[in-house]
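Below is one structure; the comments refer to it alone.
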Amino acid sequence: QVQLVESGGGLAQAGGSLRLPCAAFGRTFSRYSMAWVRPASGKERELVASMGWNGRTAYYTDSVQGRFTISRDNAKNILYLQMNSLKPEDTAVYYCNQDRKPYGTKYYQTSVGFWGEGTQVTVSS
């Protein structure tokens with residue numbers, strides 16, 4: 001029913017940038033809130049950024065605020081995460097997530113959403 005495909009990961013230097021796209025298939029993309037999630041030190045998972053279904057609201061965890069930007073292109077069914085000023089602490093597998101229900105807020109529960117397979121981001125110092 002739903003398939004999410006992340007890409008764009010790789011190796012970056014500290015202070016560098018990466019852009020991660022997540023292509024979504026199977027449902028009407030524009031109806032669903034979306035998020036980027038990563039495992040983090042000391043946590044099983046961390047909500048990096050999320051966006052409400054209509055693209056008007058966004059959430060960022062404190063550690064990426066001001067450095068990362070979440071956006072969506074509904075015409076192409078793609079969610080993006082622009083990562084700037086990368087730090088070694090950003091090294092993780094980044095997963096795309098789509099809300100289970102339509103028309104949700106940026107605070108939707110990602111644990112019951114749909115997941116992609118993830119893309120590896122490695123930041124060297």
Report every pair of residues separated by at least 6 positions or lying on different chains whose Cβ atoms are under 9 Å apart, first residue within segment 112-124 and modelled with pLDDT under 95, second open to solvent by 20 Å² or more (accessible area, probe 1.4 Å) and of a type in the set (A, V, I, L, M). none
Segment 73-84 residues that are on the phi > 0 side of the Ramachandran plot, paired with ones that are open to solvent by less than 50 Å² (accessible area, probe 1.4 Å) and in a strand (DSSP E or B) (beta carbon under 7 Å, 6 or more apart): Asn77/Ala23; Asn77/Ala24
Out of segment 95-121, which residues are open to solvent by 20 Å² or more (accessible area, probe 1.4 Å), part of a loop (DSSP other than H, G, I, E, B) and over 13 Å from Leu47 (Cα atoms)? Arg100, Lys101, Pro102, Tyr103, Thr105, Glu117, Gly118
Candidate set from segment 34-44 (those that are surrounded by fewer than 18 Cβ atoms within 10 Å (Cβ to Cβ) and touching a residue at least 40 places away in the same chain (Cβ under 8 Å)); member that is nearest to Gln109 (Cα to Cα): Pro39
Residue among Ala75, Ala92 that alone is crowded, with 19+ Cβ neighbours inside 10 Å, out of contact with any Phe, Trp or Tyr (no Cβ under 9 Å at 6 or more places or on another chain) and modelled with pLDDT of 95 or more: Ala92
Is segment 34-45 home to any residue that is at pLDDT 95 or above and not in a strand (DSSP E or B)? no
Can you tell me which residue in segment 2-33 is surrounded by the most Cβ atoms within 10 Å (Cβ to Cβ), limited to those that are aliphatic (A, V, I, L, M) and assigned to a loop (DSSP other than H, G, I, E, B)? Val2
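The values are calculated or read from the model by the stated rules, or taken from the named source; none is laboratory data. Keep in mind that this is a model prediction, so the values were computed, not measured. Glycine also receives a Cβ, built like all others from the backbone with ideal geometry; neighbour counts cover every protein chain displayed. Heavy atoms of the whole protein, side chains included, go into the accessibility calculation; ligands, DNA and RNA do not. Shrake-Rupley method; radii C 1.70, N 1.55, O 1.52, S 1.80 Å.
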